[in-house]
Amino acid sequence: MRLEILESNAFYARAAALFAEAASAAVAERGRFTVALSGGNTPLPLYDLLADQYAKALPWAATRVFFGDERCVPPDHPDSNYRVAEASLLSRVPLVEGAVHRMKGELDPAEAACDYERALRSEFGERQIPDFDLLLLGVGPDGHIASLFPHTEALCERKRIVVANFVAKLATYRLTLTIPVILNARLILVLARGLDKAVAVNAMIEGPYQPEMWPVQVLQQATGELLWLVDPEAATMLSVG
Ligand code: 6PG
């Protein structure tokens, strides 16, 4: 696991450079780049930067876009992770038809999870646990990643690759990749900014292992590369840095 502490502009420039590096390496080695985008606000300046400065520099025609999680809302709903990514990035770069696979939040949650599992199997193969070239994650102040919230059922799921996870504190279902898929990514890039993430970042890096309480801690079992990009505020509680 690597941790880099960077201020705002440098933070997003670094995230964009890592995204570009992962894309170029994947296409050079395997002919395609598979990425799972994160929801939330933290990645939005990254999506803008990629659209503004990397629209020509990246192999978008060989890129396949998925999502780490989604809210159970239609794709045009303000809360939709797809809608936000579509507006800030996906509609602004030359992806090929059919390259974007959104989780269908408008469907019944269980049906949407099965639908997305089919989409992943079609891309990655029936038997293979999807091995994204790049999996982007944010982290919640409570230590959730994707829609794997503390003390929720999805934290125990080790067979399915996508589930509908009921999040009691939100009183709603969320669609989410499961831990086996997240841990199988070649590169996991976690973006964390702001003082409200300091406790979760500290729990991840230095806290006792209690993944039910701090789901982000499961990332310690990642089989690929794990890189944390945090700003000084989110790093406030770390003894290093
Ligand atoms: C979502 C995200 C979620 C997000 C964290 C951090 O659907 O909201 O996937 O896991 O990454 O909640 O959100 P912020 O970046 O807005 O702080």
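The values are calculated or read from the model by the stated rules, or taken from the named source; none is laboratory data. Fair warning: this is a prediction, and the values are worked out from it, not measured in the lab. Please note: Cβ atoms are built from the backbone with ideal geometry, for glycine as well, and neighbour counts cover all protein chains shown. Side chains are part of the model used for accessible areas, which takes the heavy atoms of the whole protein and leaves out ligands, DNA and RNA. Shrake-Rupley method; radii C 1.70, N 1.55, O 1.52, S 1.80 Å.
Touching a Phe, Trp or Tyr at 6+ places or on another chain (Cβ under 8 Å), within 11 Å of the ligand (Cβ to nearest atom) and either more than 30 Å from Asp108 (Cα to Cα) or not small (Gly, Ala, Ser) (or both): is that true of Arg186 in this structure? Walk me through it before giving the result.
Details: touching a Phe, Trp or Tyr at 6+ places or on another chain (Cβ under 8 Å): yes; within 11 Å of the ligand (Cβ to nearest atom): no; either more than 30 Å from Asp108 (Cα to Cα) or not small (Gly, Ala, Ser) (or both): yes.
When the stated conditions are applied, Arg186 does not pass them.
Look through Ile179, Ile161 and report the one residue that is modelled with pLDDT of 95 or more, more than 25 Å from Ile5 (Cα to Cα), open to solvent by less than 10 Å² (accessible area, probe 1.4 Å) and more than 16 Å from the ligand (Cβ to nearest atom). Working first, answer last.
Working: Ile179 fails: more than 16 Å from the ligand (Cβ to nearest atom).
Residue meeting the stated conditions: Ile161.
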- List pairs: first in the stretch 134-162 and assigned to a loop (DSSP other than H, G, I, E, B), second open to solvent by 10 Å² or more (accessible area, probe 1.4 Å) and among the hydroxyl-bearing types (Ser, Thr, Tyr), Cβ under 6 Å, 6+ apart or cross-chain? Gly138/Ser38; Gly138/Thr42
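Look at Leu18 and say whether it is in a helix (DSSP H, G or I), away from the ligand (no atom under 16 Å from the Cβ), under 19 Å from the mean Cα position of the chain (by Cα) and not polar (S, T, N, Q). Lay out the reasoning, then the answer.
Numbers: in a helix (DSSP H, G or I): yes; away from the ligand (no atom under 16 Å from the Cβ): yes; under 19 Å from the mean Cα position of the chain (by Cα): yes; not polar (S, T, N, Q): yes.
Judged against the criteria, Leu18 is a match.
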- Note on the structure: Considering the stretch 74-86, residues that are in contact (Cβ under 8 Å) with a residue 12 or more places away in the chain and away from the ligand (no atom under 11 Å from the Cβ), and then whichever is least open to solvent (accessible area, probe 1.4 Å), we arrive at Pro75
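Pull up the stretch 27-70, narrow it to residues that are of a type in the set (Lys, Arg) and under 20 Å from Arg118 (Cα atoms), then point me to the one that is surrounded by the most Cβ atoms within 10 Å (Cβ to Cβ).
Initial filter on the stretch 27-70 (of a type in the set (Lys, Arg)): 30, 32, 56, 64.
Still in the running and under 20 Å from Arg118 (Cα atoms): 32, 64.
Working: Arg32: 16, Arg64: 21.
Residue satisfying both the conditions and the ranking: Arg64.
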- Task: Specify the residue that is nearest to the ligand (Cβ to nearest atom); the eligible residues are those in the stretch 129-158 that are open to solvent by 30 Å² or more (accessible area, probe 1.4 Å) and in contact with a Ser or Thr (Cβ under 9 Å, 6 or more places away or on another chain).
- Result: His144
- How many of the residues making up the stretch 46-72 are under 29 Å from Pro109 (Cα atoms) and within 15 Å of the ligand (Cβ to nearest atom)? 10
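For residues that are hydrophobic (A, V, I, L, M, F, W, C) and open to solvent by 50 Å² or more (accessible area, probe 1.4 Å), scanning just the stretch 192-231, find the one that is nearest to the ligand (Cβ to nearest atom). Spell out the reasoning first.
Residues of the stretch 192-231 that are hydrophobic (A, V, I, L, M, F, W, C), as a first pass: 192, 195, 198-201, 203-205, 213-214, 216, 218-219, 222, 226-230.
Pick out the ones that are also open to solvent by 50 Å² or more (accessible area, probe 1.4 Å) and you get 195, 199, 213.
Working: Leu195: 12, Val199: 13, Met213: 16 Å.
Taking the candidates together, the pick is Leu195.
Please work out if Arg186 is within 13 Å of the chain's Cα centre (by Cα), surrounded by fewer than 22 Cβ atoms within 10 Å (Cβ to Cβ) and touching a residue at least 40 places away in the same chain (Cβ under 8 Å).
Spelling it out, Arg186 is indeed within 13 Å of the chain's Cα centre (by Cα), surrounded by fewer than 22 Cβ atoms within 10 Å (Cβ to Cβ) and touching a residue at least 40 places away in the same chain (Cβ under 8 Å).
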